[in-house]
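> This structure is in structure tokens; I'll ask about it shortly.
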Amino acid sequence: MTRTWAELLGDEEPEDTEPEKKRRFRRLRSGLTKSRQAFARGLTGWRYDPNDLETWERLEEVLISADIGVETTQEIVERLEKRRPKTDEEVMEGLQDVLGELAAPEEEPRLHLDGTPSVILVVGVNGAGKTTTIGKLASRLRESGRSVLVGAADTYRAAADEQLEIWAERAGADFVGSTRGGDPAAVAFDSIAAGEARGRDVVIVDTAGRLHTQSSLMEELAKIHRVIASKLEGAPHETLLVVDATTGQNGLRQAKLFDEAVDVTGVALTKLDGTAKGGIVVAIGHEFGLPVKLVGVGEGIDDLQPFDAAEFARALVSGGGPDEDEPEG
Amino acid sequence: MFDSLSEKLQGVLGDLRGRGRLSEEDVTKAMREIRLALLEADVNFKVVKEFVATVKERCLDAEVTKSLTPGQQVVKIVNEELTALMGQGSSKLAFSGRPPTVILLAGLQGSGKTTASAKLALHLRKKDGKAPAIAACDLQRPAAIDQLEQLGKQIQVPVYRRDDTKDPVEVARWALEQARAQGRDVLIVDTAGRLHVDEELMDELVAIRKETKPTNVLLVLDSMTGQDAVNVAESFQEQVAFDGVILTKLDGDARGGAALSVKAVTGQPIKFASTGEKLDQLEPFHPDRMASRILGMGDVLTLIEKAEEAAEEDEQEELEARLKAGKFTFDDFLKSYDMMRKMGPLRSVMGMIPGLGKQLQGVNVDDKQLEWVRAIVLSMTAQERAHPEIIKGQRRQRIARGSGTSVQQVNQLLNGRKQMEKMMKQIGSGKQPNLQSLVAQGQMRR
């Protein structure tokens with residue numbers, strides 16, 4: 001089952017769900033095609049032989065080359081071995097199941113938008129794609145009938161608030177700007193105040209990219225989180241960590257330290273439209289129980305999708321999805 | 001207290017010191033650990049395979065020397081091979097005989113091209129005395145041009161922007177004309193981030209390359225990149241034939257194996273490393289430092305060598321014995337401090353200690369800041385140095401006056417010594433010292 005935005009947001013399914021699912025799925029698939037081809041290529045011509053060590057090594061290599069990491073790969077292989085698959089097909093099925101289990105530590109992850117307004121704090125390292133993700137998310141939330149305000153609490157990077165303002169305009173969202181070098185916590189505060197005053201449904205707070213190792217900047221982030229929490233009870237309702245799909249094993253450090261600083265509630269995996277496989281989220285799910293909620297599969301405003309772990313795993317592992325014969329969008 | 005890789009190797013190899021050669025079995029065991037370490041550092045698995053094969057051969061031929069344990073021996077060989085592999089090729093930029101020299105920057109979205117453009121311009125202006133300019137050819141990302149323009153102002157480098165066209169090839173062509181007309185030595189061309197599989201955008205990059213005929217094409221690579229780095233590098237290499245790499249975000253704690261992958265598959269050298277958010281934090285690349293970083297170890301061997309050079313052997317042994325006994329007077333403090341100073345700047349010395357590299361992230365170690373420490377100790381009497389516990393109120397005031405510091409600073413140092421004594425006890429007992437608290441003391445003064 002492919003997940004829809006309505007499922008992600010906990011909304012009633014609109015009547016025309018099927019077309020939306022199809023459209024969405026096509027996009028995800030076309031984004032993933034290259035990843036899937038590369039992944040499948042690693043497994044092509046591979047005949048399963050339980051007694052052949054090379055078979056397992058080959059499998060390990062495929063997983064490692066997807067950035068799943070040595071440790072999580074070993075975990076996957078162990079779980080797979082326990083299932084004692086007898087045929088190639090059983091290996092593939094088992095692999096899909098195990099990958100799904102690990103990447104989706106939470107059943108059917110939702111975006112929790114039950115505040116008035118609901119506050120989404122977006123964090124991540126430099127260049128992960130925070131601002132772009134916010135632009136796309138704002139647009140999707142607008143489509144779902146919600147009013148949105150975005151706050152530019154990235155007061156560090158030159159022209160960051162101009163970039164966000166352009167996205168806000170495209171999405172039809174309100175915008176609260178900032179001055180360079182200003183106090184980001186104050187911008188977050190003002191954004192929520194403005195969201196409350198104007199009766200907006202969702203307030204999304206953008207933050208400056210920072211490396212998780214810069215302790216003073218991580219403290220600043222924790223302060224933003226505190227200010228948001230004290231401004232509005234229950235806020236932030238979601239704290240999304242944005243992770244670039246090309247990220248290697250350092251993604252684990254990012255998840256750990258950002259989670260420690262601001263209590264991350266979900267991951268947005270970006271740039272999945274290249275050849276990078278984004279396997280690091282499987283490791284993140286496995287080690288920290290952080291669910292992936294969103295995936296970015298392109299630069300267009302519609303190229304943000306609810307994450308579907310089983311689908312993600314299936315698309316990565318198999319040569320074709322359930323609707324292989326459907327034309328690509 | 002040696003780091004995990006050395007330790008693991010030690011574990012599998014045991015103590016074979018002086019037994020001559022490493023056996024095939026030993027080497028195979030060691031190579032398994034090396035393979036894991038490299039994979040965890042994000043070196044591409046194919047590159048790892050080839051690399052391990054080379055190292056294995058060398059290890060089989062190597063004599064086990066007396067001075068190093070077999071584990072260290074293997075680490076040394078791996079380190080040498082890594083350094084050699086990464087150090088090949090010039091790290092210098094080429095300059096055209098007919099200026100302006102064009103430097104084209106390309107890479108994936110978010111790899112850090114715009115920031116790297118500004119950093120490189122500042123580097124060229126300050127370190128090479130050039131007159132650079134930047135062409136703003138990222139017309140994809142919203143406000144990228146504004147970002148570049150603001151950075152340009154900050155570093156006093158002209159940025160050529162056009163708002164009347166959406167064609168980056170045209171902007172590049174026009175910018176080159178401007179640079180020529182204004183007599184700039186170097187034109188840095190900042191381009192939009194693009195996926196290597198996006199044919200349309202890759203064609204556009206090829207067109208910019210044709211139009212500007214750059215002397216240097218640099219791939220901007222995020223040091224946190226994983227296994228995919230080889231695909232990215234191969235595609236960019238095939239289409240725009242880059243001749244060097246700028247490695248960004250190296251101030252994080254990524255081990256940076258992608259740098260090795262890219263070097264191995266394209267043969268192109270890493271030329272610069274970006275080591276912080278400030279615009280002057282761009283450095284020429286050091287292959288040796290990168291090698292030990294990828295292996296996840298401080299530069300153990302260099303540290304051993306430097307320590308041996310800096311300290312007389314018996315003096316060192318005596319100090320070690322005292323430290324292990326948990327005695328640490330101000331005389332020792334001064335001695336070890338001077339010894340460290342002989343080895344080089346404090347930060348680089350501490351960075352060489354395995355396991356401390358990570359703890360030092362985000363901590364500033366300024367040598368000048370620690371000079372006052374020396375001044376205070378020199379203002380103490382011999383008795384005070386040997387028995388620090390006698391230093392009470394009156395003595396503290398006198399020492400502060402004598403060294404030109406404040407009582408508060410003297411207090412800080414006294415506490416620091418106590419901590420250091422604790423730390424040394426930890427080292428003696430094989431635990432890892434908590435250096436941050438110690439360094440934090442030096443920072444309190446600021």
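Any read-out appearing in this document is the output of simple, stated calculations on the displayed coordinates, not a laboratory observation. These numbers were taken from a predicted model, which means no experiment stands behind them. Cβ atoms come from the backbone with ideal geometry, glycine included; neighbour counts cover every protein chain shown.
> Enumerate the amide H contacts of A:Gly266 below 5 Å, restricted to partners 5 or more residues apart or on another chain; note that Pro and chain-start residues carry no placed amide H.
Those qualifying (amide H under 5 Å, at least 5 residues apart or on another chain) are A:Thr239, A:Leu241.
> Right, another one. Which ³J(HN,Hα) values in Hz, rounded to whole numbers, follow from the phi angles of the stretch A:281-295 under the Karplus curve 6.51 cos²θ - 1.76 cosθ + 1.60, where θ = phi - 60° and Gly and Pro get x?
In residue order, the calculated couplings are 5, 5, 5, 5, x, 5, 7, 10, x, 8, x, 7, 10, 9, 10 Hz.
> Pairwise over distinct Cα atoms, reciprocal of the mean inverse distance: report the Kirkwood radius of the stretch A:148-273 in Å, one decimal place. Before the final figure, lay out the partial values.
On the way: mean 1/r = 0.0663 Å⁻¹.
Here the Kirkwood hydrodynamic radius works out to 15.1 Å.
> Also: Got a sec? How would A:Phe189, A:Phe312 order by Cβ neighbour count within 10 Å, fewest to most? Intermediate results must be reported in sequence, preceding the final value.
Working: A:Phe189 20, A:Phe312 27.
In order of increasing Cβ crowding within 10 Å: A:Phe189, A:Phe312.
> Next up: Which FRET efficiency, nearest 0.05, do A:Ala6 and B:Leu378 yield, Cβ-Cβ r, R0 60 Å? Please list the in-between numbers first.
Working: r = 74 Å, r/R0 = 1.23.
Here the calculated transfer efficiency is 0.20.
> Rounded, prolate or oblate: pick one for the stretch B:85-146, where a ≥ b ≥ c are the square roots of the eigenvalues of its C-alpha gyration tensor, a/c under 1.5 means rounded, and failing that, prolate if a/b is larger than b/c, else oblate.
On the way: a/c = 2.03, a/b = 1.33, b/c = 1.52.
The shape class here is oblate.
> Going by C-beta contacts inside 10 Å, put A:Trp167, A:Trp56 in order with the fewest on the left. If you can, show how the numbers build up before the last one.
Details: A:Trp167 24, A:Trp56 15.
Exposure proxy ranking, most exposed first: A:Trp56, A:Trp167.
> Would you mind checking the pairs B:Lys46/B:Lys249; B:Lys29/B:Lys422; B:Lys113/B:Lys263; A:Lys130/A:Lys231; A:Lys277/B:Lys271 and listing those with alpha carbons more than 26 angstrom apart?
Numbers: B:Lys46/B:Lys249 24 Å; B:Lys29/B:Lys422 37 Å; B:Lys113/B:Lys263 19 Å; A:Lys130/A:Lys231 23 Å; A:Lys277/B:Lys271 28 Å.
Beyond 26 Å between Cα atoms: B:Lys29/B:Lys422; A:Lys277/B:Lys271.
> Assuming R0 = 30 Å, what is the FRET efficiency of A:Ala222 and B:Lys49, from their Cβ-Cβ distance, to the nearest 0.05?
On the way: r = 42 Å, r/R0 = 1.41.
The computed FRET efficiency comes out at 0.10.
> Specify whether the C-alpha gyration tensor of the stretch A:120-196 places it in the rounded, prolate or oblate class, a ≥ b ≥ c being the square roots of the eigenvalues: rounded for a/c under 1.5, otherwise prolate if a/b is larger than b/c and oblate if not. Let's see the in-between values first.
Numbers: a/c = 1.79, a/b = 1.28, b/c = 1.40.
Here the stretch A:120-196 falls in the oblate category.
> Order B:182-190, A:129-137, A:296-304 from most to least packed using the mean count of other Cβ atoms within 10 Å. Display every interim value, and only then the final one.
Working: B:182-190: 22.8, A:129-137: 25.8, A:296-304: 18.8.
Ranking, from highest mean packing down: A:129-137, B:182-190, A:296-304.
> GluC sites (Glu not before Pro), restricted to the stretch A:53-109: which are DSSP loop and have at most 11 other Cβ atoms within 10 Å? Walk me through the numbers before you get to the answer.
On the way: sites: A:Glu54, A:Glu57, A:Glu60, A:Glu61, A:Glu71, A:Glu75, A:Glu78, A:Glu81, A:Glu89, A:Glu90, A:Glu93, A:Glu101, A:Glu106, A:Glu107; in loops: A:Glu106, A:Glu107.
Of the GluC sites (Glu not before Pro), the ones in loops of the stretch A:53-109 whose Cβ has at most 11 other Cβ atoms within 10 Å are A:Glu107.
> Continuing with this model, one more query. Which distance in nm do the two modelled labels at B:Val197 and A:Ile301 give, with both placed 7 Å along the Cα-to-Cβ direction?
Once both label points are built, they end up 2.6 nm from each other.
> Would you kindly state how much longer the chain becomes between B:Ala62 and B:Ser91 on full extension, computed as 0.36 nm times their sequence separation minus their alpha carbon distance, in nm to one decimal? Walk me through the numbers on the way to the answer.
Working: separation 29, 0.36 × 29 = 10.44 nm, distance 3.04 nm.
Residue separation times 0.36 nm, minus the Cα-Cα distance, leaves 7.4 nm.
> Quick query: amide H of A:Val176 versus all other amide H atoms, modeled in the peptide plane; which residues come in under 5 Å with a sequence gap of 5 or more or a different chain?
Those lying under 5 Å, H to H, from A:Val176 are A:Val150, A:Gly151, A:Ala152.
> Also, quick follow-up: Could you list which residues have their amide H under 5 Å from that of B:Ala273, counting only those 5 or more apart in sequence or on another chain, with H placed in the peptide plane?
Counting only residues 5 or more places away or on other chains, the set is B:Leu247, B:Glu283, B:Phe285.
> Here's a follow-up. Dividing the alpha-carbon radius of gyration of the stretch B:41-146 by 2.2 N^0.38 Å (N being the number of residues), what value is obtained?
Cα Rg divided by the expected 2.2 N^0.38 Å: 1.65.
> In whole percent, what relative contact order does the stretch A:200-276 give with Cα contacts below 8 Å and a gap of six or more residues? Mind showing how you got there, number by number?
Numbers: 62 pairs, mean separation 26.2, N = 77.
Reported as a whole number, the value is 34 percent.
> Shielding by partners for B:226-238, please: the mean number of other protein chain Cβ atoms within 10 Å of each residue's Cβ.
Mean shielding count: 5.
> Roughly how many Å is it from the Cα centre of the stretch B:225-250 to that of the stretch A:141-202, as a whole number?
That distance is 35 Å.
> By counting other Cβ atoms within 10 Å of each Cβ, how are B:Arg194, B:Arg401 ranked from fewest to most?
Numbers: B:Arg194 21, B:Arg401 13.
Least to most surrounded, the residues fall as B:Arg401, B:Arg194.
> Give me the extension gain from B:Asp163 to B:Val206: residue separation times 0.36 nm, minus the current Cα-Cα distance, reported in nm with one decimal.
Working: separation 43, 0.36 × 43 = 15.48 nm, distance 2.21 nm.
Gain on extension, B:Asp163 to B:Val206, equals 13.3 nm.
> Still on this structure, I have one more. Take the Cα atoms of the stretch A:163-220, build their convex hull, and give its volume per residue in Å³.
On the way: hull volume 5.7 nm³, N = 58.
About 99 Å³ per residue, rounded to a whole number.
> PRE reach from A:Glu81 (point 7 Å along Cα→Cβ): which of the stretch B:25-46 fall under 18 Å by backbone N?
Of the residues in the stretch B:25-46, B:32-33, B:36 have backbone N under 18 Å from the label point off A:Glu81.
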